[in-house]
1. Direction-averaged shadow area of the convex hull around the Cα atoms of the range B:144-292, nm²?
2. Two decimals is fine: what is log10 I(q)/I(0) at q = 0.05, 0.07, 0.09 Å⁻¹ for the protein assembly as shown, from a Debye sum with one equal scatterer on every Cα and no solvent?
3. Relative to the compact-globule scaling 2.2 N^0.38 Å, provide the ratio for the alpha-carbon radius of gyration of the range A:80-130.
4. Which percent of the Cα-Cα distances in chain A go past 36 Å?
5. For chain B, what is the relative contact order in percent, using Cα pairs closer than 8 Å and at least 6 residues apart in sequence?
6. Please give the peptides A:83-91, B:50-58, B:236-244 ranked by average Cβ packing (other Cβ atoms within 10 Å per residue), highest first, as a rough proxy for protection.
7. Based on Cβ point charges of +1 for Lys and Arg and -1 for Asp and Glu, what charge dipole magnitude is obtained for the range B:2-328 about its Cα centre, in debye rounded to the nearest 20?
8. Kindly provide the GluC sites (Glu not before Pro) of the range B:31-124 that DSSP labels as loop, not H, G, I, E or B, and whose Cβ sees at most 11 other Cβ atoms within 10 Å.
Amino acid sequence: MMTKISPRSDLLMLVLFTAAILTMPIWLAPIGAGYPDLLQKFAIFGLFALGFNLLFGLTGYLSFGHAAFLGIGSYAAVWSFKLLGMNPIPALLFSVVFSSLFAVAIGYISLRRSGIYFSILTLAFAQMSYNLAYSVLTPITNGETGLRVLQSDPRLFDSSSEASGPLISNLFGIEMTGYSGFYFCAVLLIIGFYISQRIFRSPFGMMLRAVKSNQNRMSYTGLNTRPYTLAAFVISGTFAGVAGSLLAVTDPLAGAERMQWTASGEVVLMTILGGAGTLLGPILGAGLIKYFENIFSAYNEQTLHAIFSFLPDFMEGAVVSLASLFVGEGWHLTLGLLFMVIVIFLPGGIMEGFNRITKLFRRRPSRVGKRAGHSHSPASANAAE
Amino acid sequence: MDAIVLQILNGLDKGGAYALIALGLTLIFGTLGVVNFAHGALFMLGAFCAVAFNKLIGLEQVVVDPTKTTAWGTPLETRVPYIEVWLGDTGTTMLNYSVPLSIAFAIPVMLLVGYVMERGLIRHFYKRPHAEQILVTFGLAIVLQEIIKTYFGANPIPQSAPDMVRGAMDLGIWIGFDPGTVVYPQWRIVYLFFSLSVIGGVFAFLQFTTFGMVVRAGMADRETVGLLGINIERRFTLVFAVAAVVAGLAGVMYTPILPPDYHMGMDFLVLSFVVVVVGGMGSLPGAVSAGFLLGILQSFASMNEVKTILPGIDQIIIYLVAVIILLVRPRGLMGRKGVMET
């Protein structure tokens with residue numbers, strides 16, 4: 001993991017990653033996550049977090065309004081379905097164009113400031129988009145009901161099909177639901193992973209990391225950092241837009257609540273949980289959160305009673321009532337606690353945890369000198385992963 | 001003209017709430033250097049102090065009267081709050097004034113909450129980056145609001161103002177308008193004066209007491225104050241608790257205007273942060289004036305005349321103002337030099 005990075009190790013990583021993603025239906029089945037709806041979510045939110053990480057992990061700019069791009073991507077995709085037909089390819093193109101346009105505009109303004117001001121500016125833009133989508137832009141966004149594809153829409157390319165069933169996005173005849181939907185998302189996730197890997201290894205990525213470690217010094221050397229951060233912002237926004245359009249591809253519906261700032265908070269949490277600034281971390285974080293959300297919110301009082309039935313009666317009641325606070329409706333409580341615990345004890349996320357464990361095993365006297373160099377900068381060691 | 005006066009009045013009470021929350025945020029930021037995303041949750045906790053107090057004094061005694069029967073033939077049950085049984089008319093009055101009375105209940109609760117929060121969590125985050133402070137307090141806010149949701153449910157719980165100030169008042173005749181043009185709910189006037197007096201109290205506390213002087217000195221130069229042998233951290237803990245009380249009181253008194261539900265804090269938090277930024281990070285007068293200013297701007301933007309020209313402006317005006325301010329006056333309206341300028 002912390003060995004030298006070479007093109008070959010990168011290639012190996014990509015191949016392993018691809019294999020792992022594509023075989024997810026098999027190896028996730030034993031833990032009850034091997035069904036397509038959840039797998040699609042893993043891939044989509046993995047992509048979303050991957051994109052967010054390109055901004056936050058590399059440059060350190062904490063955007064609290066990234067969900068806006070997710071929403072814009074969704075709306076763009078649904079409009080493409082409405083106008084051009086149910087093929088996901090134009091939908092993806094549409095959302096890439098729109099989300100990157102918005103990202104350029106928002107990023108151009110927000111990136112004039114840094115630190116907490118940047119967070120608040122992005123938050124302000126996301127809230128503006130959310131409020132507008134709910135109120136004035138109702139002709140475009142269909143307000144509270146959410147935007148959906150209707151039989152009466154023009155759908156230039158496939159309006160001839162007389163199918164009366166529910167409208168499902170399909171790629172040249174392959175319906176984008178179930179496993180085919182998952183594989184479509186998975187392919188995009190792998191492409192996204194490849195792009196982000198290349199950015200991490202490129203001089204451009206190095207520049208972004210330099211911005212994170214000390215922007216002032218960068219400016220003193222006579223370098224204008226803004227084009228670099230803007231590029232990172234736009235790439236990251238486009239990733240979010242693609243993720244949004246995938247949400248619409250797997251389920252042709254877009255609602256304004258996707259842009260709410262709690263959604264922005266969720267992607268921050270995913271990235272932090274997995275490990276900001278690492279390649280695999282955000283995907284891991286996204287998967288974990290979606291998995292636990294799914295598992296925890298499915299529990300109710302009965303299932304809890306079934307689980308704890310081995311306990312004596314008087315204890316069972318107490319344990320069940322305590323546990324029921326954290327599952328079902330109370331899933332958000334677990335999420336909040338998890339958030340706090342991670343930030344307090346493991347700011348580097350799960351990947352940092354892995355690194356600490358591997359370090360523990362590698363402790364050999366002969367390598368003390370080498371390790372001392374590493375331990376100076378845990379962040380950079382992390383990033384180099 | 002009367003419409004303008006009415007809109008200014010409408011903006012003032014919301015502005016009062018923004019100002020109180022922003023004041024607390026700024027106090028915490030100025031003293032501890034911590035960006036507290038859980039401040040909205042404190043506002044919400046205050047509101048639920050009022051709800052809890054109302055429930056507490058409203059506990060009812062069930063009296064079964066065997067001589068009378070209801071229409072269904074069961075013995076007539078009358079429910080009388082214990083407090084009326086024990087205290088008679090005084091009890092009835094107390095029930096009527098439950099919202100103002102819960103201030104007395106909210107102050108110790110919020111002091112305790114603030115103290116525990118600072119000592120238990122925030123203290124460990126002084127030296128950590130702002131991003132981590134934001135994240136941990138954001139997590140705390142989620143936890144607090146979920147706990148409230150578990151105990152009080154997800155629906156808004158309406159609270160009523162005392163009878164005396166429940167109605168509306170015709171303010172227009174006092175300042176020379178025709179009767180019936182500027183009619184304004186009395187409780188909102190109470191809220192306005194309440195928020196002004198709390199703000200005045202906080203400023204007096206900082207300006208005229210020795211404690212406040214030390215705190216101000218600590219805000220200006222923490223290290224030097226520490227070198228003079230003053231335990232500045234302990235005082236800052238109290239400042240945090242005071243900020244929590246201010247937010248809590250803002251919440252208590254706001255309950256008759258907006259029925260509290262568990263996520264009201266988040267809605268106010270985002271706006272209050274914008275208020276702080278517009279006012280200037282670390283500037284107390286800036287926070288207060290920006291609070292009132294944005295409250296008024298928002299109520300002007302929701303006038304029908306404005307909305308027909310610029311549809312949707314009422315939804316985004318505050319954010320729009322914040323964006324413009326941040327771009328043209330990076331320090332905010334009254335921000336001091338050197339405080340979080342980047």
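Derivation of every value follows stated rules applied to the coordinates shown; laboratory data play no part. None of the values given here were measured: they were computed from a predicted structure. Methodologically, a virtual Cβ is constructed for each residue, glycine included, from the backbone with ideal geometry; neighbour enumeration extends over all protein chains shown.
1. Details: hull surface 48.5 nm².
Taking a quarter of the hull surface, the average projection is 12.1 nm².
2. Summing over Cα pairs of the protein assembly as shown leads to -0.29, -0.56, -0.92.
3. Against the empirical 2.2 N^0.38 Å value, I get 1.48 for the range A:80-130.
4. I get 28 percent for the Cα pairs in chain A exceeding 36 Å.
5. Relative contact order, chain B: 34 percent.
6. In descending order of packing, they fall as B:236-244, A:83-91, B:50-58.
7. Details: 16 positive and 20 negative charges, 185 e Å.
Roughly 880 debye, rounded to the nearest 20.
8. Values: sites: B:Glu60, B:Glu77, B:Glu84, B:Glu118; in loops: none.
Here no loop site has a sparse enough neighbourhood.
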